[in-house]
1. From the residues in the stretch 70-106 that are open to solvent by 70 Å² or more (accessible area, probe 1.4 Å) and in a helix (DSSP H, G or I), which one is modelled with the lowest pLDDT?
2. Condition first: of a type in the set (Lys, Arg) and surrounded by fewer than 10 Cβ atoms within 10 Å (Cβ to Cβ). Now tell me which residues in the stretch 125-141 satisfy that.
3. Under 8 Å between Cβ atoms, which residue pairs at least 6 apart in sequence (or on different chains) link something in the stretch 31-45 that is farther than 15 Å from ALA17 by Cβ with a partner that is aliphatic (A, V, I, L, M) and modelled with pLDDT under 80?
4. Can you find a residue that is over 12 Å from the mean Cα position of the chain (by Cα) and at pLDDT 70 or above anywhere in the stretch 53-68?
Amino acid sequence: MSGKVRRPGIQRLPSGARVADALRAAGGARSNVDLTGLNRARVLVDGEQIVVGAPVGTPAVNSGAPGGSTGGGPGPVTGPVSLNSATVDQLDTLPGVGPVLARHIIDYRAQHGGFRSVDELREVNGIGDRRFADLRPLVGP
């Protein structure tokens with residue numbers, strides 16, 4: 001966990017832990033940090049980095065770890081969009097993805113505990129080979 005938390009760094013959490021658990025393990029957010037865009041109920045994926053309090057549209061620093069979350073709301077796509085943390089609005093900025101397909105992606109990650117690889121995107125209802133080929137370079141787990 002990084003960004004505006006009291007104790008940034010790697011947090012070891014049990015399987016099934018949620019963003020709220022990681023936030024708690026990092027000592028909570030610093031004062032006056034807006035958490036409204038951070039989905040604290042989302043189940044984490046191993047190796048994921050959560051950035052708390054970053055400006056909307058700021059990409060997470062991956063440091064080689066899969067996934068990443070800015071914790072912000074919708075904004076311009078400035079780096080790979082994380083399938084594990086993007087909002088409907090953020091997914092909607094991707095080519096060929098509208099609000100319905102974005103909801104299918106979010107439903108898939110909720111049902112399967114997140115995306116372990118970009119290839120799992122092929123299993124989402126409405127993602128065919130062509131759409132997958134267009135999205136692959138624009139997304140990350």
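The values are calculated or read from the model by the stated rules, or taken from the named source; none is laboratory data. None of these values were measured; they are calculated from a predicted model. Here Cβ is always computed from backbone atoms with ideal geometry, including for glycine, and neighbour counts include all displayed protein chains. What goes into the accessible areas is simple: the full protein's heavy atoms, side chains included, and nothing from ligands, DNA or RNA. Shrake-Rupley method; radii C 1.70, N 1.55, O 1.52, S 1.80 Å.
1. Per the stated criteria, the residue is ASP89.
2. Listed by number, the list holds a single entry, ARG130.
3. Note: pairs meeting the criteria are GLY37/VAL56.
4. yes
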